[in-house]
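Below is one structure, written out as structure tokens, with a few remarks after it.
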Amino acid sequence: MLSLLWSMSASAINYSNLNLVLVFSTDGGSSEMAVDLGPAAQFYNATPGSTLAINRFTGTSLSTAFSSLDGLKWSVFGSVVGTNGTVQKPKNTVWSTRPRADLLRRSDPWNRVSSLAMGGTAVKVESVGSGAKNYGETFGGASNGVSNSGTTLILPAGDALAPSAFLGAGTFGGSWQGSVINTTPPGFVFAKGTTCSDLFETIPTPPNGPANYLGFFRFGWDGLMTFTAATPAPGLVQGSPASGPVGGGTLVTLTGSNFVNGATVSFGSTTSSTVTVVGPTSVTATAPVGLAGVVDVTIVNPDGQFATLANGFTYQAGSVQPPAPQILGIAIGGTDVVIRSAGATNASLRILSSSNVAAPVGDWTPVATNSVGLNGLSTNRLPIAPGPGQRFFRLAIP
């Protein structure tokens, strides 16, 4: 493949306007690979929360270009070039990735830097293609007839044909605040690792402000890549109760917005082992073991967007009154009533039943007594007793 590419007399790659380009390279390697991912519209118009398989390259093409996936650099970039751009995306719109330090959490968005603040000098983004040739409005490409509109293109590393980004003058004068490139660590394949980079869209108007988050690319040890589209960012308003024992086990209800199935919840730096997304505005999570003091509570959606409730939970030392028991749900399962409940850790939980909801507690009939399960949660299956009338259930801790 390399000899075929060299047989073409060309001095530039013809960048397809409004497309995204994925670049793989290594430090000191013999080649780098450019992958045309096609129109950026398929990424910024993707259904929120959906996952797209990136199938424009294969493991075979990667192994042709590189001896190993360890230490492999990769990044995605695209822009709107031309005199006028488009109605939907103006000239100098840029799409670019930023690697995640935490695989589960979205990275900070790129921030636009005005040309006035940076002296009006355009700065090349070197890390998109190591030592590569600038592209932009000068890429007519017709005179040489070479295009990267196919799936993949493998070139000698550092060759002038490889793509890179050139941020034009105007509101894109200035430099990025970090590298757009992601690098797989040593032992990446052996450890069956994963790397993630977030895709941001930066538009010239308004002149300053953070880029829009579109979703994230995930690249794995097996050479497979996917893109997951962003969902609306979650909001976190309050948690109740706001305190509990250092031994953990407190069931906390979080209230907010845009919660998505698969969300995780952390109390300080420790992730809760039991999280239930009740709906887009409510999540329950069991507080893990902690140290006495105040911690932040953070919820993270599967797309990496998160919200934090500062000082949202207080771990109390010493003897703490156990949390009040509560019924989480009652359902019919076959011939049984299935009751999901939460009670005090290390206590026994009784389920009482009565046909008269107004009857004194002492007149209710115990139908189950069991030790509270993991993290204060338990599930009971009770046979449905035949007979007329409604049955009511309540919880009690002896």
Next on the checklist: How would S355, S341 line up from fewest to most surrounding beta-carbon atoms within 10 angstrom?
Outcome noted: S355, S341
Checklist outcome for this item: A correct Karplus calculation of ³J(HN,Hα) over the stretch 235-251, with 6.51 cos²θ - 1.76 cosθ + 1.60, θ = phi - 60°, whole Hz and x for Gly and Pro, returns x, 10, 9, 7, x, 9, x, 9, 8, x, x, 5, x, x, x, 6, 7
Checklist entry - Can you give me the relative contact order of the stretch 235-316 as a percent, contacts being Cα pairs under 8 Å and 6 or more apart? => result 35
Next on the checklist: Net charge within 12 Å of W95 by Cβ-Cβ distance, Lys/Arg positive one each and Asp/Glu negative one each, not counting W95 itself?
Outcome noted: 0
Next on the checklist: Please compute the Kirkwood hydrodynamic radius over the stretch 208-251, one decimal place, Å, based on all pairs of different Cα atoms.
Outcome noted: 15.1
Item to check | Square roots of five times the Cα gyration tensor eigenvalues for the stretch 235-316, Å | outcome: 19, 11, 11
Checklist entry - Non-local amide H neighbours of V252 (under 5 Å, H modeled in plane, Pro and chain starts lacking H): which ones? => result A285, T286, A287
Item to check | Estimated inter-spin distance, A317 and V294, nm [label 7 Å along Cα→Cβ] | outcome: 1.7
Next on the checklist: Using amide H atoms built in the peptide plane, which far-off residues or other-chain residues are under 5 Å from W221 H to H?
Outcome noted: G193
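Here, each number is a calculation from the coordinates, and none is a lab measurement. The shown structure was predicted, so the numbers you read here are calculated from the model rather than taken from an experiment. FYI the Cβ positions are ideal-geometry reconstructions off the backbone, even for glycines, and counts take in every protein chain you see.
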